[in-house]
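Student: Quick one: structure below, then a few questions.
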Amino acid sequence: MGNLLKVLTREIENYPHFFLDFENAQPTDCEREVWNQVNTVLQDSESILSGLQAYKGAGQEIRDAIQNPNDMLLQERAWNSVCPLVIRLKKFYGFSLRLEKALQGLLESLTCPPYTPTQHLEKEQALAKQFAEILHFTLRFDELKMRIPAIQNDFSYYRRTISRNRINNMNLDIESEVNNEMANRMSLFYAEATPMLKTLSTATTNFVTENKTLPLENTTDVLSTMASVCKVMLETPDYTSRFNSEDTLLFCMRVMVGVIILYDHVHPNGAFNKSSKIDMKGCIKVLKEQPADNVEGLLNALKFTTKHLNDESTPKNIRAMLQ
């Protein structure tokens, strides 16, 4: 009976419980070097999101050019509309490469011996906060990108025009900025439904592969610990009452979903398996208790961007919660 009570009160589940100060954490001297490197990248994240939000596309100009192939004025107008957009898309893609390096630097700091992942996250809250900010940015970027089909249309038109060399006597200086090789890499990036998340998943997988002496658990435990801490903070009024802004609630939810997706991509068995160190039932429950408008995109991210949800080993009740 005693053991049953322990199970019921979840005393033996050993999920980490501590407050992670996403609003005010400041770097200690030990964190400063890595924090500065990552901060250099993160300080550009809002301008990247603003640039993406303001992206209107050149759909009308492209349609006019395609429908009137012999009208050079319309061809020029379409080309001149697309070129600045392609430069902007290159900037977004370049930022994803910087973000990849920043994430790997953080993982190196948050997984190194002698501390456990929980000790790292407790002691190095400023780095944990930066890790969270990367995930928060990533989900926001991908949510916006999914609503802008013009991105792939514009870029396809650019690639077709360059490869056919149809437009003579036009300014082709852009080719030195976005040549065929760069265009191929950008095309693979934008072909993904969630390109930034794919970048982070690949970066995390590469980090594990390249650091063969570091046990996989060091990395996956950082992710599962972060998910558990976010879940506990969201469901504990004593913690949520310490947030100064309502935005921190949404921030916390995005971070929780982000680390679940990363864990699901990196861990061989994924996040939904019974052996997972993430309380998936609890995490989904916490999301479903929030206003639907705030969490619809996050629940969709769990449904459509995870790797193992539809595995046979995923409990039916977990799958049903995400229907």
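Student: Would you mind finding the one in 203, 193 that is part of a loop (DSSP other than H, G, I, E, B) and closer than 30 Å to residue 153 by Cα?
Tutor: On the way: 203 fails: part of a loop (DSSP other than H, G, I, E, B).
Result: 193 is the single residue among 203, 193 that is part of a loop (DSSP other than H, G, I, E, B) and closer than 30 Å to residue 153 by Cα.
Student: Report, ordered by the first and then the second residue, all pairs with beta carbons closer than 7 Å, sequence separation of six or more or different chains, a first member in region 119-140 that is among the hydroxyl-bearing types (Ser, Thr, Tyr), and a second member that is in a helix (DSSP H, G or I).
Tutor: What qualifies is 138/196; 138/197; 138/200; 138/258.
Student: If you don't mind, another one. For residues that are open to solvent by less than 40 Å² (accessible area, probe 1.4 Å) and either within 22 Å of residue 219 (Cα to Cα) or polar (S, T, N, Q) (or both), tally how many sit in region 275-289.
Tutor: In the first step, residues of region 275-289 are kept if they are open to solvent by less than 40 Å² (accessible area, probe 1.4 Å); the result is 276, 278-280, 282-284, 286-287.
The next check asks that each one be either within 22 Å of residue 219 (Cα to Cα) or polar (S, T, N, Q) (or both); those that pass are 276, 278-280, 282-283.
Residues meeting the conditions: 6.
Student: Only one residue in 315, 237 is more than 18 Å from residue 121 (Cα to Cα) and at pLDDT below 90. Which one?
Tutor: So the residue among 315, 237 that is more than 18 Å from residue 121 (Cα to Cα) and at pLDDT below 90 is 237.
Student: Got a number for residues in region 128-182 being modelled with pLDDT of 80 or more, open to solvent by 30 Å² or more (accessible area, probe 1.4 Å) and among the basic types (Lys, Arg)?
Tutor: Adding up the residues that qualify gives 5.
Student: Right, next: Say whether the condition of being modelled with pLDDT under 90, within 30 Å of residue 24 (Cα to Cα) and among the charged types (D, E, K, R) is met by at least one residue in region 258-268.
Tutor: no
Student: Could you check region 174-190 and list, in sequence order, the residues that are assigned to a helix (DSSP H, G or I) and aliphatic (A, V, I, L, M)?
Tutor: Result: 174, 182, 183, 186, 188.
Student: Another question, if that's okay. Which residue out of 272, 304 is loosely packed, with under 14 Cβ neighbours inside 10 Å, farther than 18 Å from residue 208 by Cβ and in contact (Cβ under 8 Å) with a residue 12 or more places away in the chain? Working first, answer last.
Tutor: Details: 272 fails: loosely packed, with under 14 Cβ neighbours inside 10 Å.
When all the criteria are applied, what remains is 304.
Student: Further, regarding this structure: Return the residues of region 271-322 that are of a type in the set (Ser, Thr, Tyr) and over 22 Å from residue 202 (Cβ atoms); say none if nothing qualifies.
Tutor: Of the residues in region 271-322, the ones of a type in the set (Ser, Thr, Tyr) are 275-276, 305-306, 313-314.
Selection gives 275, 313, 314.
Student: On the given criteria, is residue 87 open to solvent by 10 Å² or more (accessible area, probe 1.4 Å), in contact with a helix residue (DSSP H, G or I) (Cβ under 9 Å, 6 or more places away or on another chain), without any contact (Cβ under 8 Å) to a residue 24 or more places away in the chain and in a helix (DSSP H, G or I)? Break it down into steps so the answer makes sense when it comes.
Tutor: Working: open to solvent by 10 Å² or more (accessible area, probe 1.4 Å): yes; in contact with a helix residue (DSSP H, G or I) (Cβ under 9 Å, 6 or more places away or on another chain): yes; without any contact (Cβ under 8 Å) to a residue 24 or more places away in the chain: no; in a helix (DSSP H, G or I): yes.
So residue 87 fails the test.
Student: Here is a check on your reading of the model: is residue 192 of a type in the set (D, E, K, R) and modelled with pLDDT under 90?
Tutor: Numbers: of a type in the set (D, E, K, R): yes; modelled with pLDDT under 90: no.
No.
Student: Looking at the structure I just gave you, is residue 255 under 25 Å from residue 23 (Cα atoms), β-branched (Val, Ile, Thr) and touching a Cys at 6+ places or on another chain (Cβ under 6 Å)?
Tutor: Details: under 25 Å from residue 23 (Cα atoms): yes; β-branched (Val, Ile, Thr): yes; touching a Cys at 6+ places or on another chain (Cβ under 6 Å): yes.
Taking the combined requirement at face value, the residue satisfies it.
Student: Within region 24-51, can you find the residues that are part of a helix (DSSP H, G or I) and without any contact (Cβ under 8 Å) to a residue 12 or more places away in the chain?
Tutor: Listed by number, the residues that qualify are 32, 33, 36, 40, 46, 47, 50.
Student: Now for a separate question. Would you be able to say whether some residue in region 245-254 is within 21 Å of the chain's Cα centre (by Cα), surrounded by fewer than 24 Cβ atoms within 10 Å (Cβ to Cβ) and small (Gly, Ala, Ser)?
Tutor: No: zero hits.
Student: Tell me, please, whether a residue that is aromatic (Phe, Trp, Tyr) and within 18 Å of residue 146 (Cβ to Cβ) can be found in region 270-287.
Tutor: Within region 270-287, not a single residue is aromatic (Phe, Trp, Tyr) and within 18 Å of residue 146 (Cβ to Cβ).
The values are calculated or read from the model by the stated rules, or taken from the named source; none is laboratory data. It should be emphasised that the depicted structure is a prediction, and the values quoted were computed from it without experimental measurement. As a convention, Cβ positions derive from the backbone with ideal geometry for all residues, glycine included, and neighbour counts pool all protein chains shown. For accessibility, only protein heavy atoms count, side chains too; no ligands or nucleic acids. Shrake-Rupley method; radii C 1.70, N 1.55, O 1.52, S 1.80 Å.
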